[in-house]
Amino acid sequence: MTTEPATSVVTTDLTVGGMTCAACVRRVEKKLAKLEGVTATVNLATGGARVSHPPHVSPDELMATVERAGYTAALPEPPKQRREEGQDGESDGTRQELERLVITALLAVPVVVLSMVPDLQFRAWQWLCFVLATPVAVWSAWPFHVRALRGLRHSAATMDTLVSLGVAASYAWSVYALLFGGAGELGMTMPFSLMPEASDGAAHVYLEVAVVVPLFVLTGRFLEARARNGTGAALRSLAQLAAKEVAVREDRAERLIPVEELRVAQVFVVRPGERVATDGEVTEGSSAVDLSLVTGESEPVEVGPGSAVVGGAVNVGGLLLVRATAVGADTQLARITRLVTEAQVGKARAQRLADAVAGVFVPVVLALAVTVLGFWLGAGADPQAAITVCVAVLVVACPCALGLATPTALMAATGRGAQLGVLVRGPQALEGLQHIDTVVLDKTGTLTSGHMTVARVTAVPDGLGREAVLRLAGAVEQGSEHPLGRAIVTYATGVPPRDPVRASGEAGQGALPEVSGFAATAGRGVRGRVEGRLIEVLAPDGELPTTLAEALRAAESGVNTPVLVRVDGAAEALIEVGDVVRPGSYQAVDRLRRLGVRPVLATGDREAPGRAVAAALGIEEVHSRCTPEDKAGLVRELREQGYRVAVVGDGVNDAAALAGADLGIAMGGGTDVAIGAADVTLVRGDIEALGDAVRLSRRTLGTIRVNLLWAFGYNVVTVPLAMVGLLNPMLAAAAMSVSSLLVVGNSLRLRAWQPSRARGGTR
């Protein structure tokens with residue numbers, strides 16, 4: 001994937017193969033950075049590289065640079081090709097790894113048992129172990145040897161260098177002992193000890209080390225790959241939501257075409273149980289669609305003519321005809337997948353430090369191993385014990401855990417966030433979420449529903465009554481396109497506001513009578529005759545009955561807009577219409593407070609509605625009649641005061657504030673401009689998801705810290721133990737594999753993370 005923004009800097013994604021540890025990552029990044037104007041971010045867990053480079057540097061040149069560093073590189077496969085191949089390529093690779101591991105285990109286990117249990121050592125046991133160990137030391141460990149030699153040609157040392165040297169040294173010493181050191185004599189037995197020790201006349205063979213190191217490393221790699229594969233489960237599930245074929249309706253006939261051939265404005269069929277092929281608008285039919293896998297919304301959503309539907313949603317009701325409004329990379333599902341992928345490619349600050357350490361770690365370990373070998377030999381130690389210590393140092397000092405500490409946690413967290421309807425653009429945004437202490441909230445569309453709704457109806461006593469007045473007002477408003485009029489019709493008929501067909505004889509709409517003589521009045525008002533009566537719906541004026549006058553004063557001091565209904569010139573009712581507070585806003589603001597985040601309301605609306613919403617939600621600081629410049633200025637002022645500010649918005653007027661904040665958060669139902677300027681997108685358009693995002697970020701950064709602490713701590717403890725001879729190479733190999741598995745396993749816990757609805761806190 002290559003994009004070329006206006007800044008003339010091209011971004012190219014590459015798939016890099018052959019990386020095994022953080023030292024490999026560091027090497028690839030440094031090689032690419034040597035090209036003029038090129039910067040790269042490489043991810044060990046995903047095997048992906050994101051490279052920013054000038055236009056004159058071609059992708060072929062980038063791939064050639066990676067290959068000269070000793071690794072493979074390719075451009076990502078097109079989505080169509082990936083879908084056609086499915087998981088076959090991945091399964092073949094996993095199957096080969098499993099076959100190598102099984103054969104290695106069958107050959108290695110007898111060697112280990114015979115070496116560790118002297119009572120089982122028969123007359124020629126050492127030669128049987130030699131026959132069994134040779135294929136392991138050569139064939140099983142061949143991938144390590146090849147990568148180590150490749151690194152040597154490029155003057156690079158990685159984890160494979162350490163493993164290859166450890167196996168080669170153990171096997172070479174054992175061959176020497178068998179042929180020249182007396183260990184090949186028939187009837188020789190060898191005691192087993194976890195500590196390096198001098199030989200008792202005949203040199204000991206270390207064939208068990210030569211087989212155990214490949215066995216443990218291959219086992220760790222296989223389990224690690226399976227676990228890392230699990231961290232990307234959410235991303236793969238998003239990819240699987242995309243339909244392969246779609247039934248297009250043309251001239252009342254249907255034909256099945258690949259989804260790649262679908263074009264904007266074409267009408268396609270979605271039968272019950274099928275996935276919606278792409279984003280579109282329902283033209284015929286009514287049903288309910290399940291958006292849980294796309295937006296995290298648990299409840300099915302009712303749709304009908306005029307309703308927007310999202311590609312990947314499941315039709316759980318009747319047949320729908322949908323007109324495509326976006327295809328390919330422009331769909332919401334494609335944007336979600338792209339954001340999740342981009343988030344997993346990036347790096348947190350802590351991981352950059354770990355990669356920098358790993359870049360020099362392996363050469364330091366090699367130097368330590370040589371130094372330890374020389375020290376033990378110089379101190380008069382038995383060569384056998386000295387070589388054992390040297391091998392233990394080589395084997396135990398693996399930087400795998402360092403390389404996996406952050407990317408596996410990020411993969412699991414961003415995938416889990418996508419399942420919960422929270423899209424995080426990258427690790428920097430995840431770190432920003434953890435540290436915010438002030439959030440500037442927009443009102444309309446963020447804390448409120450974003451569309452007008454009838455909030456209250458007050459009818460005069462002894463008049464026509466509430467229901468009758470609503471019926472008459474709804475009838476006369478049928479001819480109006482004003483938001484207040486649509487809200488009244490919606491309330492009177494029960495038809496959702498997204499449905500453009502109102503009061504036309506459809507089911508559920510027959511309650512509204514016909515209107516004649518419809519006319520719009522000066523200002524915001526309509527009039528018409530319904531059942532012989534003159535009905536007027538207009539702004540309140542003149543003297544009103546006491547009941548309506550009190551309701552009017554309450555409405556004007558609050559958030560709602562009042563309209564008066566007159567029947568034959570007599571005031572009958574006052575209808576209050578307003579943008580009502582979302583049900584989840586109350587709990588969302590409360591949860592933010594519990595997390596230590598101060599809410600600030602900034603709205604372009606009048607002061608009275610702004611303060612009414614703030615009072616309802618318990619927000620103390622309110623800024624009304626804010627222009628886009630005012631919002632951006634407010635954010636700048638708060639940051640200058642030392643606050644770490646996040647902005648939540650959904651419209652074009654919020655884009656400047658979103659871009660200027662420490663963290664921009666867009667509502668999923670908002671404009672593309674707002675989403676493009678944001679670091680985090682709440683896909684399901686629910687402000688409650690913000691609290692989930694903050695808690696998930698804190699849990700993720702906590703997991704990364706634990707991973708890095710373990711990765712660094714493991715080497716700090718085990719390398720000195722190996723240097724002083726307190727760690728057998730066999731135990732060193734097991735400890736090295738277990739360290740990586742612990743890091744990956746700790747990260748996988750994020751896949752099961754659940755937002756706590758019952759209480760606040762930092763979970």
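The values are calculated or read from the model by the stated rules, or taken from the named source; none is laboratory data. Keep in mind that this is a model prediction, so the values were computed, not measured. Cβ: placed from backbone, ideal geometry, glycine included. Neighbour counts: every protein chain shown.
Can you tell me which residue is modelled with the highest pLDDT among those in segment 714-733 that are part of a helix (DSSP H, G or I), touching a helix residue (DSSP H, G or I) at 6+ places or on another chain (Cβ under 7 Å) and under 20 Å from F361 (Cβ atoms)?
It comes out as M723.
The rows are residues; the columns are (1) of a type in the set (A, V, I, L, M); (2) modelled with pLDDT under 80; (3) farther than 30 Å from P363 by Cβ; (4) surrounded by 24 or more Cβ atoms within 10 Å (Cβ to Cβ).
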| residue | (1), (2), (3), (4) |
| --- | --- |
| L658 | yes, yes, yes, yes |
| M667 | yes, yes, yes, yes |
| V743 | yes, no, no, yes |
| A752 | yes, no, yes, no |
| G760 | no, yes, yes, no |
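Run A615 past the list (1) modelled with pLDDT under 85; (2) small (G, A, S); (3) farther than 11 Å from K443 by Cβ and report the number of the one that doesn't hold.
(1)
Give the residue, chosen from R644, R639, that is in contact with a His (Cβ under 8 Å, 6 or more places away or on another chain), modelled with pLDDT of 75 or more and closer than 21 Å to H435 by Cα.
Sole residue among the options that is in contact with a His (Cβ under 8 Å, 6 or more places away or on another chain), modelled with pLDDT of 75 or more and closer than 21 Å to H435 by Cα: R644.
For segment 399-423, name all the residues that are touching a Cys at 6+ places or on another chain (Cβ under 6 Å) and either in a helix (DSSP H, G or I) or free of Cβ contacts under 8 Å to residues at least 24 places away in the same chain (or both).
Those that are touching a Cys at 6+ places or on another chain (Cβ under 6 Å) and either in a helix (DSSP H, G or I) or free of Cβ contacts under 8 Å to residues at least 24 places away in the same chain (or both): C400, G403.
If you scan segment 424-448, which residues turn out to be at pLDDT 80 or above, in contact with a helix residue (DSSP H, G or I) (Cβ under 9 Å, 6 or more places away or on another chain) and assigned to a loop (DSSP other than H, G, I, E, B)?
Selection gives I436, D442.
Which residues, counting only those in segment 597-619, are in a strand (DSSP E or B) and either surrounded by fewer than 18 Cβ atoms within 10 Å (Cβ to Cβ) or more than 34 Å from the chain's Cα centre (by Cα) (or both)?
R598
Out of (1) over 30 Å from K30 (Cβ atoms); (2) modelled with pLDDT of 90 or more; (3) among the β-branched types (V, I, T); (4) within 30 Å of the chain's Cα centre (by Cα), what's the single condition that is false for I103?
The number of the failed condition is (4).
Could you say whether any residue in segment 618-634 is of a type outside the set (D, E, K, R), out of contact with any helix residue (DSSP H, G or I) (no Cβ under 6 Å at 6 or more places or on another chain), on the phi > 0 side of the Ramachandran plot and at pLDDT 85 or above?
Yes, segment 618-634 contains at least one residue that is of a type outside the set (D, E, K, R), out of contact with any helix residue (DSSP H, G or I) (no Cβ under 6 Å at 6 or more places or on another chain), on the phi > 0 side of the Ramachandran plot and at pLDDT 85 or above.
Would you pick out the residues in segment 126-152 that are touching a residue at least 60 places away in the same chain (Cβ under 8 Å) and assigned to a helix (DSSP H, G or I)?
Selection gives Q126, C129, F130, L132, A133, V136, A137, S140, F144, R147, R150, G151.
Determine if segment 449-468 includes at least one residue that is closer than 30 Å to A615 by Cβ and part of a helix (DSSP H, G or I).
yes
Where residues in segment 524-535 are without any contact (Cβ under 8 Å) to a residue 60 or more places away in the chain, in contact with an Asp or Glu (Cβ under 9 Å, 6 or more places away or on another chain) and not small (G, A, S), which of them is surrounded by the fewest Cβ atoms within 10 Å (Cβ to Cβ)?
Only one residue tops the list, namely E531.
Considering only segment 590-611, state which residues are closer than 22 Å to G642 by Cα and touching a strand residue (DSSP E or B) at 6+ places or on another chain (Cβ under 6 Å).
L592, V597, R598, P599, V600, L601, A602
Test of understanding: among S174, S155, which residue is polar (S, T, N, Q), surrounded by 24 or more Cβ atoms within 10 Å (Cβ to Cβ) and free of Cβ contacts under 8 Å to residues at least 60 places away in the same chain?
Criteria check complete, one pass: S174.
With respect to S199, is the statement that it is modelled with pLDDT of 75 or more and of a type in the set (S, T, N, Q) true?
It is false that S199 is modelled with pLDDT of 75 or more and of a type in the set (S, T, N, Q).
For segment 405-432, enumerate the residues that are closer than 16 Å to L742 by Cα and hydroxyl-bearing (S, T, Y).
T406, T408 - these are the residues of segment 405-432 that are closer than 16 Å to L742 by Cα and hydroxyl-bearing (S, T, Y).
Please go through segment 5-51 and give me each residue that is touching a strand residue (DSSP E or B) at 6+ places or on another chain (Cβ under 7 Å) and charged (D, E, K, R), ordered by number.
Within segment 5-51, D13, E29, R50 meet the criteria.
So which residues in segment 254-292 are of a type in the set (D, E, K, R) and within 17 Å of G328 (Cα to Cα)?
E260, E261, R263, R275, D279, E281
What is the residue count in segment 292-307 for residues that are modelled with pLDDT of 55 or more, assigned to a loop (DSSP other than H, G, I, E, B) and surrounded by fewer than 17 Cβ atoms within 10 Å (Cβ to Cβ)?
2
Suppose we keep only residues that are closer than 15 Å to V211 by Cα and in contact with a Cys (Cβ under 9 Å, 6 or more places away or on another chain) within segment 113-152. Which one would you say is surrounded by the fewest Cβ atoms within 10 Å (Cβ to Cβ)?
Applying the filter and picking the extreme gives L114.
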